[in-house]
Every structure is written in C-alpha cells, then in structure tokens.
Amino acid sequence: MATKQRGRPRSFDRETALEQAMRAFWEHGYEAVSIADLTEVMGIKAPSLYAAFGDKRTLFEEAVEAYVRDFGAFSGRAFAEEPTARRAVARLLREAAAFHTLPGYPRGCMVITAATNCTAQSEDVMRGLQERRAESVETIERRIRGDIAAGELPADTDAHALAAYCAAVLQGMSQQARDGADRATLERVAELAMAAWPPGKSEGE
C-alpha cells in the first residue's frame, strides 16, 4: 500500500519568486518594501515566503546574492580577465553603463542604492552593503598597487585615492542612471573618468 506524501509541494517557482523580490528591493530599497509588497510581487502567501526564504532580511540577503550573480558579475570578470588595473577599471565603468541602464529592469546598482539612509532597525543591512562596496574599492586598490610595483603605473601614484575615485565615479553613474541618464551618456562619463588616470607603460596608455 502506497504511503501518502507528507506535506504539499510548493505551488510556486522559487527562483522566479526570488527574482521578483530582487526587483522590488532593487527598485524601491530595503526599507520601502514591506512583507505585503513582497508577497504581492512574488505571488505567494506570507507563510510560504517565511517557509521558503526565512524573514525579510534573509530574503534580502539572498536577493543581493542573486543580483551580484546575475547583474554584478561583470565587475569580477573585468579584474580577472584584464591585464592591468587601468584596463580593468575602464571595462568595469563601460560595462556598468550598460548594466545600470538595462531595458526592463530597475536602473542603477542594487548594491549601491538598496540600503541608503536606513533607520537604526536596518543598520545591519546597510552595513552589509557598505562592506560589499568597501571590498570593491579594496580590489581596485590592490590591482593598482600591483601595477605600481610592476612599473606599469608611476611610483608616485596614490593607489588609495585613485581607487576611491573610481568607486565614486561608479556610484555616481548608478545615481545618474536612476535619475534618467542613458547608456551613451554614462559611457561618455566612463571615458572622461579614465582621463584622470596616470599614464600607463603598456600599449601607450
């Protein structure tokens, strides 16, 4: 005699629901999105949300991971594949102009915009994204220091300031995208930003 299956199978696709949650957080920010908003966009009931994803903060963290995987991986690829810091940052900014203005998606970068000016109750969420942004600056700075050591960049290059400058440009591009700047405008901003770099040894940079 066959035994009865315990429980009911999920009536929703988890990845699709997660993508909808990610879009909501990306567009409106962590604090502005309520559980009611999430259940509506995800097409599930609150008990199903809690059972599948945990609480709102846990869902947000998973949504950020999904965003980084699907929309933010271009940053890591640029540094993994380009031979110099200058070329990696040039590619990073150029591709950011495209990803920050993707048709059919919220504009700007979720890691930059989803948890700004949070209240004390959400301070840990804001700090988590701050740490991600700080890691990006550290990655840029490490590559710049490596190029200085290799003689690719002048010995007097201020690696920390140059990395912070690149991050400031990237964050500004995200806000400009949210304010309506188009891809072509942001690509031009990226080109102008690279003019601030000291000349590189290779390829006539």
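The values are calculated or read from the model by the stated rules, or taken from the named source; none is laboratory data. Keep in mind that what you see is a predicted model, and the values were worked out from it rather than measured. Every residue, glycine among them, receives a Cβ derived from its backbone with ideal geometry; neighbour counts consider all protein chains shown. Just so you know, the surface numbers come from the protein's heavy atoms only, side chains and all, with ligands and any DNA or RNA stripped out. Shrake-Rupley method; radii C 1.70, N 1.55, O 1.52, S 1.80 Å.
How much length is gained if the chain between A155 and A73 is pulled fully straight, taking 0.36 nm per residue apart and subtracting their Cα-Cα distance, in nm to one decimal?
Working: separation 82, 0.36 × 82 = 29.52 nm, distance 3.07 nm.
Extending this stretch completely gives an extra 26.5 nm.
In the Gaussian network model of the chain, springs joining C-alpha atoms below 10 Å, which of R183, R94, R69 carries the largest mean-square fluctuation?
It is R69.
I want to verify the translational diffusion coefficient of the chain in µm²/s; compute it with Stokes-Einstein, Rh as the Kirkwood radius over Cα pairs, at 20 °C and 1.002 mPa s.
Numbers: Rh = 18.8 Å.
Roughly 114 µm²/s, to the nearest whole number.
Which value, in Å³ per residue, describes the convex hull spanned by the Cα atoms of the stretch 126-205? Present the calculation step by step, with values, prior to reporting the outcome.
Working: hull volume 7.5 nm³, N = 80.
With only Cα atoms used, the stretch 126-205 gives 94 Å³ per residue.
Taking only Cα atoms and a 10 Å spring cutoff, compute GNM fluctuations for the chain and point out the largest among A159, A32, A195.
Comparing A159, A32, A195 in a Gaussian network model of the chain, the most mobile one is A195.
Can you pull the percent of the chain's accessible area that's carbon plus sulfur, 1.4 Å probe, other chains left in place? Present the calculation step by step, with values, prior to reporting the outcome.
Values: 5670 of 11310 Å².
Percent of accessible area from carbon and sulfur atoms in the chain: 50.
Could you give the alpha-carbon Rg of the stretch 99-163 over 2.2 N^0.38 Å, rounded to two decimals? Display every interim value, and only then the final one.
Values: Rg = 16.3 Å, N = 65, 2.2 N^0.38 = 10.7 Å.
Here the Cα radius of gyration is 1.52 times the empirical estimate.
Tell me, what are the semi-axes, in whole angstrom and largest first, of the equivalent ellipsoid of the stretch 48-155 as set by the roots of 5 times the Cα gyration tensor eigenvalues? Display every interim value, and only then the final one.
Numbers: eigenvalues 195, 55, 29 Å².
Square roots of five times the eigenvalues give 31, 17, 12 Å.
Find how much the distance from T119 to E81 grows on full extension, using 0.36 nm per residue of separation minus their present alpha carbon separation; answer in nm with one decimal.
9.8 nm
Hey, with R₀ at 41 Å, roughly what FRET efficiency would E138 and Y105 work out to, going by the Cβ-Cβ distance, to 0.05? If you can, show how the numbers build up before the last one.
Values: r = 28 Å, r/R0 = 0.67.
Efficiency, rounded to the nearest 0.05: 0.90.
Calculate, in nm to one decimal, what T185 and E95 gain on full extension: separation in residues at 0.36 nm each, minus their alpha carbon distance. It would help to have the intermediate numbers written out before the result.
Working: separation 90, 0.36 × 90 = 32.40 nm, distance 1.28 nm.
Extra length available between T185 and E95 comes to 31.1 nm.
Between T139, T119, T84, which gets the highest mean-square fluctuation from a Gaussian network model of the chain, Cα cutoff 10 Å?
It is T119.
Sticking to Cα atoms, compute the Rg of the stretch 77-131 to one decimal and its Dmax as the biggest Cα-Cα distance, whole number, in Å.
Spelled out, the Cα radius of gyration and Dmax of the stretch 77-131 are 14.6, 43 Å.
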